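Since the structure comes first, as structure tokens, the remarks are kept for the end.
The values are calculated or read from the model by the stated rules, or taken from the named source; none is laboratory data. What you are looking at is a predicted structure, and each value in this text was computed from that prediction instead of being measured. Every residue, glycine among them, receives a Cβ derived from its backbone with ideal geometry; neighbour counts consider all protein chains shown. Side chains are part of the model used for accessible areas, which takes the heavy atoms of the whole protein and leaves out ligands, DNA and RNA. Shrake-Rupley method; radii C 1.70, N 1.55, O 1.52, S 1.80 Å.
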Amino acid sequence: MSRRRLIYEGKAKILYEGPEPGTLIQYFKDDATAFNAQKKGTISGKGVLNNRISEHIYTLLGSIGVPTHFIRRLNMREQLIRQVEIVPIEVVVRNVAAGTLSTRLGIEEGTQLPRTIIEYFYKDDALGDPMIADEHIAAFGWASQDEMNEIADLAIRVNDFLCGLFAAIGIRLVDFKLEFGRLWENDYSRIILADEISPDGCRLWDMSSGEKLDKDRFRRDLGGEAEAYQEVARRLGLLPEGEANAVLDLEEHRAKRGK
Ligand code: UDP
């Protein structure tokens, strides 16, 4: 059990107070939820893999000049991040029709979209994260027009980069969700990428077989979710061949020794 001060507990992550002002520790759980938490379960080792995958992606995004909250990974399940004021909007970027876009508009899953589509959802569990338009964001003051321009620009840059990153390892980036935050410096704030990027919030399909390598395995009871997350980490070069289970076994071993 941690003695650190808990700041917030979400469905898949916990935020603790960080070692210095303006920092937080983001802890990745194995818990998985779907359909606004109506379906609950765990995916063994998910937290370890998501921590590693998200670290990798945020480090690469940082290297191409995308500002993110990531500072460094601390251990198997935790990373040090900058404290931001979260913009209460989930930004979904879509390249291929799937999920709620397919059900809402009757477009067959797997249809390549004629252009990348960005959708916004209001972050509110009680309301089931309803879809919103720019007009709602402006009218209710959830973000300024300048901030929304910045968010849309960053979302497109992240998408372009990730499409290439995943294509190079035989994965089709169908869609994904981003969250942004305001980083305050004196009286000024700027928008940076927050949250995580992992198979929890992305649809990742194997390019040749079409196999789903993401949380849809859990949502749709397909089985093999831990193996799918491991496969993504392995293809990203984060788990040396044959060592996929070794990392998770090591963690279990440490946990048994009470470390
Ligand atoms: N997504 C997410 N959190 C949410 C809703 C969606 O991470 O609360 C991700 C989801 O994993 C997918 C993309 O955003 O990659 C688009 O999701 P969609 O709107 O199709 O909803 P879903 O079918 O996931 O409920």
Turns out the strands (runs of 3 or more DSSP E) fully within the stretch 163-207 with at least 1 residues that are under 16 Å from residue 143 (Cβ atoms), more than 16 Å from the ligand (Cβ to nearest atom) and among the β-branched types (Val, Ile, Thr) are 188-193
Suppose the filter is over 25 Å from residue 72 (Cβ atoms), in a helix (DSSP H, G or I) and more than 13 Å from the chain's Cα centre (by Cα); does residue 221 pass it? no
Counting only strands (runs of 3 or more DSSP E) entirely within the stretch 58-97, those with at least 1 residues that are more than 16 Å from the ligand (Cβ to nearest atom) and not aromatic (Phe, Trp, Tyr) are 70-73, 78-82
For the stretch 72-98, pairs from a residue that is free of Cβ contacts under 8 Å to residues at least 24 places away in the same chain to a residue that is within 12 Å of the ligand (Cβ to nearest atom) and open to solvent by 30 Å² or more (accessible area, probe 1.4 Å), with Cβ under 7 Å and 6 or more apart or across chains, are 97/107; 97/109
TODO: Could you please let me know if residue 35 is of a type in the set (Phe, Trp, Tyr) and open to solvent by 60 Å² or more (accessible area, probe 1.4 Å)?
DONE: yes
Flagged in the stretch 208-222 as farther than 15 Å from residue 53 by Cβ and either within 11 Å of the ligand (Cβ to nearest atom) or not acidic (Asp, Glu) (or both), in numbering order, are 208, 209, 210, 212, 216, 217, 218, 219, 220, 222
Residues of the stretch 48-91 being touching a Lys or Arg at 6+ places or on another chain (Cβ under 7 Å) and open to solvent by 40 Å² or more (accessible area, probe 1.4 Å), in sequence order, are 71, 85
